[in-house]
Amino acid sequence: MVKDAERLTCTIFEAFDKAKVRGVVSEGWAQLGGAAPLPGVHLVGDTPHDWLFPRCRAVCHHGGAGTTAAGLRAGLPTVVVPFFGDQFFWGRMLADAGASPEPIPIGELTSERLAEAFAACVRPEVQERAAALGARVRAEDGVDLVMASLYRHLPLSSMVCAQDPGHLALVYCEDCRKRLCSPCYQGAHAGHVAHPYRYIEWSARTPDSMTDDVRALVTDAAAALREGLGKILPIMAPRRHGVVFGEDEAPGNEGADEPVRRRDRRHGRAST
């Protein structure tokens, strides 16, 4: 992640000195701390954020979702130095919310810019905005929000048993054309022709190489952008209810409440 940990450490120490502030530097995966710390600068190893952050006036980090959430929960102004991925997104969100100065990508980091960002964190308006966001975050139950979001996006009507919606459908009864859980199938439908049923067959594609894996990932992402996540699975098979038929069996009528077979992305053949 960090090509030159000693140089980055010096940049951080110089920024502390220029901003005339004290600081705690976590060594982290980058193994920071190769240079001798200045007076008022302390190096620490792994330290729980929920213990450390409430004892600080501001935080500076890479902008990962978890660390960002910990800083917000503590109500602290934040300096984000993103490296890749969603870290740029969270840096932008914090700055737009007024709880952070502009993010500084790691490739653009200098002691001068970092010192300016530290100075911005002590401005009353930034501190007030961060404190207000912290109060809102602490008032919410994040687990409940995640579970509610998960259930909003799950296609539950196509995943549950047609006779007992409290159970996941694992079998498709060919005779009755119904998705069933194991107890329902073993009861009234015992002896009927049936197939395994999964709304999403995660094992359908087994790429031979990393190239195949990346190609499939990019293709899926492009399709998701075009049509939305609800229509992405799978991209080369009819979009109907669930899976799975055998290699030589064909899917039923378009309007029927029944599984479909998947197609191998590489060879264009059906797979289970």
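Residues of region 66-88 that are loosely packed, with under 15 Cβ neighbours inside 10 Å and either farther than 18 Å from C56 by Cβ or not assigned by TED's automatic domain parsing to the domain that holds A15 (or both): F84, G85, D86.
Answer yes or no as to whether W29 is at negative phi, hydrophobic (A, V, I, L, M, F, W, C), under 22 Å from the mean Cα position of the chain (by Cα) and at pLDDT below 90. Spelling it out, W29 is indeed at negative phi, hydrophobic (A, V, I, L, M, F, W, C), under 22 Å from the mean Cα position of the chain (by Cα) and at pLDDT below 90. For region 89-114, residues that are surrounded by 19 or more Cβ atoms within 10 Å (Cβ to Cβ) and assigned to a helix (DSSP H, G or I) total 4. For V21, the criteria (1) of a type outside the set (G, A, S); (2) part of a loop (DSSP other than H, G, I, E, B); (3) in contact with a Cys (Cβ under 8 Å, 6 or more places away or on another chain) hold in every case but one, which is (3). The single condition from (1) farther than 13 Å from Y199 by Cα; (2) touching a strand residue (DSSP E or B) at 6+ places or on another chain (Cβ under 6 Å) that V137 fails is (2).
The values are calculated or read from the model by the stated rules, or taken from the named source; none is laboratory data. Bear in mind the structure is a predicted one, so any value in this text is a computation, not a measurement. Glycine gets a Cβ as well: all are built from the backbone with ideal geometry, and neighbour counts include every protein chain shown.
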